[in-house]
Amino acid sequence: MINKDNLIEEILKFINTKIADISSNNPLFDIIAKPYISKVITNNVSKLDKALSLIADDKGMVDADGLLTDMIDRLIVSKANTINGITIGEGSVKITIPFMNKAVVFDKDDFNELKTNIENYEKSK
């Protein structure tokens, strides 16, 4: 179990690290896509907070391990669906970047990495 606010912090850290990794190898991505994705993330943190609040216990704790395990399992077996430029299913989450004909893809390994980061955070506290 992890505090909801700490979970959000770990998710944001993970996403920003992935974006920085991609940006370091692709100047066009760094100039165009990184600011766009950063703005999308900033504008939607409150939605993540509200969603996690629905599953947090009375002490603000979330079973992140159970949640991520279930999400990864479902991501692998679900058919791909696209909503607002984001394709989810068949083992990945693909975010299409406007104007670039490129996409950022998070797969099962990325989500397992996030899960490990959260587990390590829990152990360090």
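The values are calculated or read from the model by the stated rules, or taken from the named source; none is laboratory data. Every value quoted in this text rests on a predicted model; they were computed, and no experiment measured them. Reconstructed Cβ throughout: ideal geometry from the backbone, glycine too, with neighbour counts over all protein chains shown.
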Unmet criterion (only one of (1) more than 23 Å from LYS125 (Cα to Cα); (2) hydroxyl-bearing (Ser, Thr, Tyr); (3) more than 13 Å from the chain's Cα centre (by Cα)) for THR69 | (1)
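Any idea how many residues of the range 89-108 are more than 12 Å from the chain's Cα centre (by Cα) and farther than 14 Å from ILE37 by Cα?
Going through the range 89-108 one residue at a time, the tally reaches 4.
Listed residues ILE55, ILE8, ILE2; which is in contact with an Asp or Glu (Cβ under 8 Å, 6 or more places away or on another chain), more than 20 Å from ASP110 (Cβ to Cβ), at pLDDT 90 or above and not charged (D, E, K, R)?
Numbers: ILE8 fails: more than 20 Å from ASP110 (Cβ to Cβ); ILE2 fails: more than 20 Å from ASP110 (Cβ to Cβ).
When all the criteria are applied, what remains is ILE55.
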Selected residue (only one of ILE41, ILE76 is over 17 Å from PHE14 (Cβ atoms) and β-branched (Val, Ile, Thr)) = ILE76
